[in-house]
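Working notes, beginning with the structure itself.
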Amino acid sequence: MPFMKGREPIRRTLKYLNAGKLVLKDKVRIFSVNYNTYGSHHAGARDFVFWNIPQIQFKNPEVQVLTLKNMTPSPFVRCYFDDGRDMLIDVDSRNRDDIIEHLIKVVGKTREQLDAEERLKESKDNPANFGYGCGRHCICEIPGQVPCPGTVPLPDHMRGKILFAPK
């Protein structure tokens with residue numbers, strides 16, 4: 001499989017991408033990480049970019065994610081909001097787990113918000129849904145559909161029993 005080549009191919013699997021914990025707030029439009037590829041106090045930021053940026057991109061498709069390398073003496077994360085403001089978050093000498101936990105607290109959605117969005121996504125408001133627990137019990141209740149064979153027999157040309165019967 002071609003997607004399983006390269007450094008740590010586990011980062012490109014759906015199971016790994018769905019396991020991301022950081023879902024950014026709706027106000028965040030741009031998420032940028034500034035770090036250096038050398039130096040011990042940048043190690044947590046490098047690991048964060050390597051392991052967590054793919055998950056952040058997957059969980060937040062409407063947010064632009066930038067990584068800027070070797071442009072700063074100390075690592076930081078900057079979030080730009082839709083109203084023009086920005087937030088600067090220092091990640092100097094932190095490991096990647098501390099960085100992700102801090103970002104969840106500061107710019108991430110709470111567990112309650114995520115649960116409420118999940119419930120809204122699962123709502124049964126779609127008129128195409130039918131069955132137990134929906135607005136319509138059977139597809140035959142929709143105008144223009146074939147009625148239920150239990151109440152009105154199907155025409156002979158629609159019945160396989162008669163159509164494919166040996167003659």
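Tabulated results
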| quantity | calculated |
| --- | --- |
| Qualifying position, being modelled with pLDDT of 95 or more and more than 30 Å from PRO9 (Cβ to Cβ), among ASP97, ASP92, ASP125, ASP47 | ASP92 |
| Check on CYS140, in contact with a Pro (Cβ under 7 Å, 6 or more places away or on another chain), modelled with pLDDT of 80 or more and more than 18 Å from LYS59 (Cβ to Cβ) | yes |
| Subset tally (residues that are closer than 17 Å to GLU8 by Cβ, open to solvent by 60 Å² or more (accessible area, probe 1.4 Å) and out of contact with any Leu (no Cβ under 7 Å at 6 or more places or on another chain)) for segment 52-66 | 1 |
| Failed item in (1) in a helix (DSSP H, G or I); (2) modelled with pLDDT under 85; (3) open to solvent by less than 70 Å² (accessible area, probe 1.4 Å); (4) among the hydrophobic types (A, V, I, L, M, F, W, C), with CYS134 passing the rest | (1) |
| Residue check, CYS79 modelled with pLDDT of 85 or more and either open to solvent by less than 80 Å² (accessible area, probe 1.4 Å) or closer than 16 Å to PHE31 by Cβ (or both) | yes |
| Segment 86-115 - residue that is among the charged types (D, E, K, R) and touching a Lys or Arg at 6+ places or on another chain (Cβ under 9 Å) and, of those, least open to solvent (accessible area, probe 1.4 Å) | LYS109 |
| Residue within segment 19-26 that is in the same structural domain as PRO75 (by the TED database), open to solvent by 30 Å² or more (accessible area, probe 1.4 Å) and touching an Asp or Glu at 6+ places or on another chain (Cβ under 7 Å) present | no |
| Test: residue in segment 31-38 that is assigned by the TED database to the domain that holds LEU103, within 16 Å of GLU101 (Cα to Cα) and part of a loop (DSSP other than H, G, I, E, B) | no |
| Selection from segment 151-166 of residues that are assigned to a loop (DSSP other than H, G, I, E, B) and either open to solvent by less than 80 Å² (accessible area, probe 1.4 Å) or at pLDDT 80 or above (or both) | THR151, VAL152, PRO153, LEU154, PRO155, ALA165 |
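The values are calculated or read from the model by the stated rules, or taken from the named source; none is laboratory data. Note that the structure is a prediction, hence the values are computed from the model and not measured. Don't worry about glycine lacking a Cβ; one is built from the backbone with ideal geometry, like all the others, and counts go over all protein chains shown. Note: accessible area is taken over every heavy atom of the protein model, side chains too, but ligands, DNA and RNA are not part of it. Shrake-Rupley method; radii C 1.70, N 1.55, O 1.52, S 1.80 Å.
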